[in-house]
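Chemist: What follows is a structure written as structure tokens; I'll ask about it next.
The values are calculated or read from the model by the stated rules, or taken from the named source; none is laboratory data. Computed from a predicted structure; not experimentally measured. Using ideal geometry, Cβ is built from the backbone for each residue, glycine included, and neighbour counts are taken over all protein chains shown. In case anyone asks, the SASA skips ligands and DNA or RNA and just uses the protein heavy atoms, side chains included. Shrake-Rupley method; radii C 1.70, N 1.55, O 1.52, S 1.80 Å.
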Amino acid sequence: MLEKLSSFPVGSYIRNKSIQNFIFLVMIQASNMLISIMSMPLLLRSIGVDQFGLVNLALSVIIFTNIIVGFGFNISAPREVAIFQDQTKKLSSIASQILFTRLALAAVTALSLWIAAYAFNFFKDYKEILMFSTVLLFSEAILPLWFFQGMEKMKLISVTNIFSKLLFLFGIVVFIQAPEHAKWVNFILGSSALLLNVFLLFYMRYAMDIHFFWPRVKAIWESLRDNVYLFLSNIAGHISVNGGLIILSFFGNETTLGMFSLAEKITMVLRLLPTLIIQAVYPNASRLFQADQEAFIKFVSKTYVIGIGLALMVSTLTFFSAGFIVELLAKNRLEESINYLKILSFIPFLASLNIINGVILFVANQKELLFKASWLMCAYMIVVASLLTAKYGGIGLCYALLSSEIIIFIVYSYLIYSRNQSLVHAFAQRIFRRDHHS
């Protein structure tokens, strides 16, 4: 037994670029959450509950408008970079086009927010905080995560992300001392990220020989046109994932909202697992899809089985430890939250069923199918969640979210099968009738 364990090729797995991608993506998410948790008590003590709420409200607006800045490049760009990994001239063209397009979108979005705030008096309770928060749009615009993801070199970007979050933590300790300093919180967050992202661009230029140049206006327009489906799909996905709490606010009281919000936040963190798996294998899958279909099917099938297994373990563990998790975070045994979490704990597993569908859509560049599936899911979630929440409250919303994951798997599978029948048959044969000699 010891000999078998010692012969297990752990090193080869750790050296695998897709696994490294996954590990570094997890590190980025974990550091973001950890710093968020650490900064919360510091901010509550220095600026107070009211201003803390307004800071987070402004941040929510920025997170939503960042969908405009991203414009689907987080999905399309890693594929392009992965395909042309060894062609520096082509990579320079891709990087320049995406960088300046995103900067233009950030400028237009920031200007729109300023006009809405000062010309039409929107966001009047947190206008100043929001205006200082627009620096986050520009830090998002120049973040080259998509480039390093496509190159499968995530180590540097994960390290710089940690440093930017530590810089933010240092900034709020030193500069945020009173409620009137609330406007600087998101500004410090955005400026810290902006500084480190500029460093990454310098690294791309001088260590990776990526040249930046002004693209033609026509090229910018074409890239926007090509990504419209992805952009609209991202909006639908954002509504589907984050819309449940808004629907519940129409039917539940503040206590129910708080109880559900706690369980939902835990679930949404766990739901990142299948998303991170897709992001990690996407670059290599894109190259294999272009060069070797058999290797592509083998690689993605193996990823799918492992992904479902991991998600099932996470869901099972969450279900049986729901009470402990809620008590640990809330410092109290909140039975309502525990019940919500037990139901929602199956979401990571159900979401993992779509890993293979997501990979096929992305590598085959079938944006219109993603668009159709995303908006069908969004429409279904809004209708069913509204009906079940109105009748059963938070429990009804939990079951609506579970059913949404099942329905979207069915819809994705049907749409993909209609367009890629031979590929789907090959995957089914590989997964369900595995050859012992393969």
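Chemist: Shape of the stretch 11-108 from its Cα gyration tensor (a ≥ b ≥ c, root eigenvalues): rounded if a/c is under 1.5, otherwise prolate when a/b > b/c, or oblate?
Modeler: oblate
Chemist: Report the Cα centroid-to-centroid distance between the stretch 87-160 and the stretch 232-301 in angstrom, as an integer.
Modeler: Answer, in whole Å: 21.
Chemist: When the gyration tensor of the stretch 76-174 is built from Cα positions, what are the square roots of 5 times its three eigenvalues, in whole Å, from largest to smallest? Working shown, then result.
Modeler: Details: eigenvalues 201, 81, 12 Å².
After scaling each eigenvalue by five and taking roots: 32, 20, 8 Å.
Chemist: Counting other Cβ atoms within 10 Å, keep those with at most 12, restrict to DSSP loop, and tell me which chymotrypsin sites (Phe, Trp or Tyr not before Pro) in the stretch 175-269 are left. Working shown, then result.
Modeler: Numbers: sites: Phe175, Trp184, Phe187, Phe199, Phe202, Tyr203, Tyr206, Phe212, Phe213, Trp221, Tyr229, Phe231, Phe250, Phe251, Phe260; in loops: Phe212, Phe213.
Hits after loop and neighbour filter: Phe213.
Chemist: For percent of Cα pairs over 39 Å apart, one of (i) 26; (ii) 42; (iii) 21 was computed from the structure I shared and the rest are decoys. Which label?
Modeler: (iii)
Chemist: Please name whichever of Ala285, Gln97, Leu361 sits farthest to the positive end of the charge dipole of the chain, dipole taken about the Cα centre and charges placed at Cβ: Lys and Arg +1, Asp and Glu -1.
Modeler: The one lying farthest along the dipole's positive direction is Ala285.
Chemist: How do Val305, Val424 stack up against each other in accessible area, from largest to smallest, with a 1.4 angstrom probe? Intermediate values should be presented prior to the final figure.
Modeler: Details: Val305 75, Val424 40 Å².
Correct descending sequence by accessible area is Val305, Val424.
Chemist: For a quick check of understanding: with a 1.4 angstrom probe and all protein chains in place, what accessible area in square angstrom does Val108 have, to the nearest ten?
Modeler: 90
Chemist: So what's the back-of-envelope 222 nm ellipticity for the chain, counting only DSSP H runs of four-plus at -39500 (n - 2.57) apiece and dividing by all residues, rounded to 500?
Modeler: Numbers: 22 runs with 369 residues, N = 438.
That calculation yields -28000 deg cm²/dmol at 222 nm.
Chemist: Compute the projected area of the convex hull of the Cα atoms of the stretch 290-330, averaged over all viewing directions, and report it in nm² to one decimal place.
Modeler: On the way: hull surface 15.8 nm².
Hull-based average projected area comes out at 4.0 nm².
Chemist: Quick one: what Rg and Dmax do you get for the stretch 194-264 from the alpha carbons, in Å?
Modeler: Cα radius of gyration and Dmax of the stretch 194-264 are 21.0, 56 Å respectively.
Chemist: Let me know the shape class of the stretch 67-130, please: from the alpha-carbon gyration tensor, a ≥ b ≥ c as square roots of the eigenvalues, rounded when a/c is under 1.5, otherwise prolate if a/b is greater than b/c, or oblate.
Modeler: Details: a/c = 4.94, a/b = 3.36, b/c = 1.47.
Cα axes put the stretch 67-130 in the prolate bin.
Chemist: Which one, Ile68, Met377, Ala426, projects farthest toward the positive side of the charge dipole computed for the chain from Cβ point charges (K/R +1, D/E -1)?
Modeler: Farthest towards the positive pole: Ala426.
Chemist: In debye, nearest 20: dipole of the stretch 73-174 around its Cα centre with unit charges on the Cβ of K, R (+) and D, E (-)?
Modeler: On the way: 9 positive and 6 negative charges, 29 e Å.
Approximately 140 debye in magnitude.
Chemist: Now for a separate question. Quick one: putting +1 on the C-beta of Lys and Arg, -1 on the C-beta of Asp and Glu, what dipole do you get for the chain around its Cα centre, in Debye to the nearest 20?
Modeler: Working: 33 positive and 22 negative charges, 160 e Å.
Charge dipole, the chain, about its Cα centre: 760 debye, nearest 20.
Chemist: Let me ask you something else. Using the structure shown, select from Lys298/Lys367; Lys124/Lys391; Lys89/Lys372; Lys17/Lys372 the pairs with a Cα to Cα distance greater than 27 angstrom. Mind showing how you got there, number by number?
Modeler: Numbers: Lys298/Lys367 24 Å; Lys124/Lys391 35 Å; Lys89/Lys372 35 Å; Lys17/Lys372 32 Å.
Table pairs above 27 Å Cα-Cα are Lys124/Lys391; Lys89/Lys372; Lys17/Lys372.
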